[in-house]
Structure formats: C-alpha cells, structure tokens
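Since the structure comes first, as structure tokens, the remarks are kept for the end.
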Amino acid sequence: MIRTNLNPNDLDKNLLHNLDSYIESLEDPKGSLINVLHRAQIIFGYLPHNLQLYVSRKLDLNAAKVNGVVSFYSFFSEKKTGRYVVSVCMGTACYVKGSEKVLEKCLDLLDVEKNEITKDGLFSIKDVRCIGACGLAPVLSVGEKVYGHVSADMVEDILNKFRGEENDS
Ligand code: FES
C-alpha cells in the first residue's frame with residue numbers, strides 16, 4: 001500500500017522558510033495559487049502531498065482545490081523528479097509531427113523509463129498534453145526552456161546543453 005505523507009512538519013524547514021518569504025511578498029497570496037505552487041516546485045523540486053497541504057493552509061484554501069490544480073496542470077509534479085524535467089508534448093499537433101520518435105529518443109539516450117530519474121539524478125522524462133505551442137510542433141521542454149520543431153536527431157544536443165550547465169556549475 002502506498003502511504004501518503006500528510007505531515008507538513010516533515011518538510012525541510014529552510015526550504016519552507018524560503019517559500020514563506022515568497023508568499024509574504026505577494027499582494028494577494030490567496031489569488032496567486034498557481035504562482036505559489038510554481039515557486040514551491042522550484043524550491044522543493046516537486047509537490048508532495050504534505051507540501052500541497054502546507055500551501056493550502058498557508059493560503060487558507062481547500063486542500064482538494066490545491067490538489068485539483070496540481071493534478072490538472074502537467075507542469076506540476078507530485079513525484080520526485082530529476083534536476084531537469086524533460087517534457088515531450090504528445091498533444092495531437094505534436095504527435096502527428098513525430099513527437100513519439102522524440103520521446104523514444106530521449107528514453108533511449110538516457111536509458112530510463114518515463115517518469116524515472118536517471119542514475120546521475122540529472123534528468124527525468126515525461127509526456128505531457130498540449131502545452132499551447134502547437135505552431136512549434138513537435139515541442140519539447142526542459143524545465144522552463146521550450147524547444148520547437150524538434151526532431152529525434154536534435155535530442156542529444158539539447159540534453160548535452162544541460163549536462164554542460166551542470167559541469168560548469
Ligand atoms: S499539441 Fe504540442 S504544443 Fe499543442
């Protein structure tokens with residue numbers, strides 16, 4: 001049985017402090033749920049249930065509403081991810097232009113299954129629904145960076161850019 005941790009006390013205090021500072025800087029925290037979740041995901045790397053609960057209490061919102069938003073948007077993740085999340089759009093426009101081959105190439109090069117984290121912890125790959133950039137189909141994103149008109153042959157160079165960033169840091 002999978003147990004869900006609903007205890008916000010288990011969250012890293014320093015990271016929470018960071019999130020609190022962001023929330024306190026907002027004019028309308030309650031009306032900024034998506035922004036708060038986005039920031040929380042950047043800070044924690046993903047949105048586990050206890051973090052969602054923390055956000056709902058902090059913003060005085062219903063926990064089910066917060067979870068509904070997290071589940072609806074494909075850029076939010078409830079599972080731990082690699083440092084860089086590679087999202088391949090499998091919406092209709094991208095699919096007909098070959099995004100399946102792009103996804104296969106990603107999985108092949110990184111030697112993982114979908115939603116798994118690479119051994120070095122750098123990448124995880126997921127397929128997503130339309131991200132609203134159909135004119136650029138097929139589309140792949142890494143974190144917040146979006147790549148359009150991507151072919152399977154371009155995947156290695158794209159991934160290497162992020163490996164390079166890692167080596168430079
Ligand atoms: S179908 Fe891929 S961006 Fe719309």
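The values are calculated or read from the model by the stated rules, or taken from the named source; none is laboratory data. Just so you know, these numbers come straight off a predicted model, no measurement behind them. No Cβ is skipped: glycine too gets one built from the backbone with ideal geometry, and neighbour counts run over all protein chains shown.
Among the residues making up segment 72-116, a single one is surrounded by fewer than 16 Cβ atoms within 10 Å (Cβ to Cβ), of a type in the set (S, T, Y) and near the ligand (Cβ under 10 Å from one of its atoms): T92. Does S151 qualify as being crowded, with 17+ Cβ neighbours inside 10 Å and more than 10 Å from the ligand (Cβ to nearest atom)? Answer is no for this residue. Of the residues contained in segment 11-21, one or more are found to be surrounded by 17 or more Cβ atoms within 10 Å (Cβ to Cβ) and assigned to a loop (DSSP other than H, G, I, E, B). Of the residues making up segment 117-129, those that are within 16 Å of the ligand (Cβ to nearest atom) and of a type in the set (A, V, I, L, M, F, W, C) are I125, V128.
The rows are residues; the columns are (1) modelled with pLDDT under 95; (2) of a type outside the set (S, T, Y); (3) touching a Pro at 6+ places or on another chain (Cβ under 7 Å).
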residue: N5; (1), (2), (3): yes, yes, yes
residue: D12; (1), (2), (3): yes, yes, no
residue: Q41; (1), (2), (3): yes, yes, no
residue: D60; (1), (2), (3): no, yes, no
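Condition check ((1) among the acidic types (D, E); (2) assigned by TED's automatic domain parsing to the domain that holds K13) across all residues:
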{"residue": "H49", "(1), (2)": "no, yes"}
{"residue": "L59", "(1), (2)": "no, yes"}
{"residue": "A63", "(1), (2)": "no, yes"}
{"residue": "M90", "(1), (2)": "no, no"}
{"residue": "E100", "(1), (2)": "yes, no"}
{"residue": "E104", "(1), (2)": "yes, no"}
{"residue": "G121", "(1), (2)": "no, no"}
{"residue": "L140", "(1), (2)": "no, no"}
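Across segment 29-56, the number of residues qualifying as within 13 Å of L15 (Cα to Cα) and either surrounded by fewer than 17 Cβ atoms within 10 Å (Cβ to Cβ) or touching a strand residue (DSSP E or B) at 6+ places or on another chain (Cβ under 9 Å) (or both) comes to 4.
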